[in-house]
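To keep things clear, I will list the structure first and then write my remarks on it.
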Amino acid sequence: MIDQRPCPDLPRPAYLVRRGLRFGAVLVVVGLAVLGFDWLQTQVLRLEQDAALRAMTGLMVAMLILYAIVLATPFVPGVEIGVALLIIQGAKAAPFVYLATVCGLSLAFVIGQYVSLLWLTRLLQGLRLHRLAGWLDRVDGLARADRLRLLQQKLPAWLAPLFLRFRYVTVALAINTPGNIAVGGGGGIMLVAGLSRLFSIPAMLLVIALATAPVPLAVWVWGVDVVR
């Protein structure tokens with residue numbers, strides 16, 4: 001067990017400066033990514049038709065890989081981004097968006113399943129999230145049955161039996177719910193599911209594949225009008 005004593009609080013101005021620098025760094029990264037994408041598109045348009053087609057295909061693949069990585073990130077609106085990609089690229093892109101969605105959510109789950117809880121606890125303490133760090137420290141090393149019992153104690157009495165018995169269905173509904181960014185987005189939900197160590201990897205990968213299939217399949221069959 002690690003020391004759970006909270007680290008001393010930073011003075012308010014120093015804390016605000018540190019948060020501002022982090023936020024500024026995120027904005028810089030996003031801005032550079034947008035500028036880089038625009039530059040690539042400009043270069044593609046200057047190529048001959050056949051070369052441009054190959055370059056655009058590579059650009060599409062790179063964009064889907066980036067989408068999968070972004071989708072695995074907590075608090076990213078994955079459902080909304082996926083729908084936007086389908087509307088922009090059309091029905092022909094539906095299988096690729098579906099594959100990227102499955103890969104991104106699976107990546108988040110596998111990371112949560114295998115990441116060291118001790119390392120994550122220390123990271124959360126460094127981010128001043130002491131309550132969440134303390135909870136992870138409690139569950140680290142517990143058997144699955146003990147984790148289920150601990151979770152049952154935390155949930156409302158009416159919800160606990162339903163969630164514990166149908167937890168795979170609950171996760172499938174959660175990642176398909178618009179606005180789930182409020183609880184971490186698809187990536188955050190899958191990361192927490194992995195961290196809980198309450199889910200089988202093969203079963204969860206099957207749940208992800210089935211839960212994310214309806215919208216891309218509908219767009220592929222009937223066109224983008226079904227999501228407009």
Once amide hydrogens are built 1.01 Å from N within the peptide plane, the residues lying 5 or more places from Val76 or on another chain with amide H under 5 Å from its amide H are Gly186, Gly187, Gly188
Per residue, accessible area of segment 141-228 with a 1.4 Å probe, heavy atoms of protein chains only, in Å², comes to 57 Å²
Whole-percent carbon and sulfur contribution to the accessible surface of segment 67-162 (1.4 Å, no ligands, DNA or RNA) stands at 70 percent
Between Arg131 and Ala157, the two model label points (7 Å from Cα along the beta-carbon direction) sit apart by a distance in nm of 2.3 nm
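Starting from the Cα-Cα distance between Lys92 and Ala209, subtract it from 0.36 nm times their residue separation and give me the gain in nm to one decimal.
Details: separation 117, 0.36 × 117 = 42.12 nm, distance 1.90 nm.
Here the segment from Lys92 to Ala209 would lengthen by 40.2 nm.
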With label points set 7 Å from each Cα along the Cα-to-Cβ direction at Trp222 and Val61, the distance between them in nm comes to 3.3 nm
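Can you tell me how much longer the chain between Leu148 and Leu21 gets when fully stretched, taken as 0.36 nm per residue apart minus their C-alpha distance, in nm with one decimal? Could the numbers behind the result be given before it?
Working: separation 127, 0.36 × 127 = 45.72 nm, distance 3.95 nm.
So the chain would gain 41.8 nm between Leu148 and Leu21.
Using every Cα-Cα pair within segment 164-228, state what percent have a distance larger than 17 Å.
Details: 955 of 2080 pairs.
Tail of P(r) above 17 Å: 46 percent of Cα pairs.
The values are calculated or read from the model by the stated rules, or taken from the named source; none is laboratory data. Keep in mind it's a predicted model, so treat the numbers as computed, not measured. Don't worry about glycine lacking a Cβ; one is built from the backbone with ideal geometry, like all the others, and counts go over all protein chains shown. To get the accessible areas, we keep the full protein, side chains included, count just its heavy atoms, and leave off ligands, DNA and RNA. Shrake-Rupley method; radii C 1.70, N 1.55, O 1.52, S 1.80 Å.
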